[in-house]
1. Just to be sure, is residue 274 surrounded by 12 or more Cβ atoms within 10 Å (Cβ to Cβ), more than 23 Å from the chain's Cα centre (by Cα) and at pLDDT 90 or above?
2. May I ask you to list the residues in region 62-81 that are under 17 Å from residue 33 (Cβ atoms) and crowded, with 20+ Cβ neighbours inside 10 Å?
3. Which of (1) in a helix (DSSP H, G or I); (2) farther than 29 Å from residue 91 by Cβ does residue 215 not meet, given it meets every other one?
4. Taking the condition closer than 20 Å to residue 55 by Cβ, touching a helix residue (DSSP H, G or I) at 6+ places or on another chain (Cβ under 6 Å) and buried (at least 20 other Cβ atoms within 10 Å of the Cβ), does residue 312 pass?
5. Residue 286 fails exactly one of the following numbered conditions: (1) at pLDDT 95 or above; (2) over 27 Å from the mean Cα position of the chain (by Cα). What is the number of that condition?
């Protein structure tokens, strides 16, 4: 095992003292959950493996809720104070601390005004709660983006993952524009620290197609975004400016009307062969405390072709015999049919599944982390990577999505499943998406060439 692997998994299933466990056993508010969501985004935007992704929520609780110092955190995690400071800065947690310190330094007059504002906010929130009114609150975003994301959620019915993707892409776009137009003067400021909340309608109306071209060039050269990533950004920008023109009436001219998406070459999906899939399942260590959970996860991926988000969101009460109801892409509900292997894997896991320390709302989820919380996508990504590596497959970048490809390919090649049925199983909206699995098998091509009468000359 390499040093990087040791670092990566140092904080996985971290053993806290009883005192710290008591501090971590707190129920998070919806506001706290939104903040943690943003902190995770900060981490993923780094684009590197720092090795502390397993304790991000714990760090939030210890810093934001219990106000522990960096020295106390260093003692808990057996590391230096400087490391703790770097973690908090990278995640954006330290900024919250600084804001809290500034508030404490305000004079009495300011405090009086603050209390007055807080009373108004409290009254407003009480009325909103009374009448069941929900407000989309996203910090550090221009109002136009907040309105757009609210539109995607309430009118278009987009999934949280889609909305988050649009938020990240649009945030990057406006942060770039502030640099591009000379509005960022502090050279020490990190990219993710650039404030875009002050972006107003006048600024937006002055955005040209050439500005967008410059952004896409930046995404390619400086952020190493390939055609797929840049195509997603183009889609986000086109949808956003269409909203500004047609719905919000903020702009008259849409700068993305003539914007073309980068050409995406069709690629054959990467997948495991039947033998590799069997080897993967048999390579798991039965002595591991998470054996039955991880085996269940891999079995569901390889047999049902679920998306990562669909798997993490499985609820126990949605399992009825050999059927499972899940929420798929676009918040669309669909039924997944479970074969004998899936039913057996689920039942074996349920026999050892411990939800005794779970919060009431978390018990309904099938797959739990070692922290007695619903398993998150990053944890699943890491465990899939670990098990695939342990099985001896290191040549390709296998991910949960590649296991989805595997399920689809095996069903098409070995199960003689027709393309329309496969479309339904995978939850594809368009048949064209499913057609990537109709590629001709390499063995068939090889046999075809060998069948040429000239092959023996």
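The values are calculated or read from the model by the stated rules, or taken from the named source; none is laboratory data. Owing to the predicted nature of the structure, the values given are computational and were not obtained by experimental measurement. Cβ sites come from the backbone with ideal geometry, for glycine too, and all protein chains shown count toward neighbours.
1. no
2. 62, 63
3. For residue 215, the exception is condition (2).
4. So residue 312 passes the test.
5. Here residue 286 meets the rest and fails (1).
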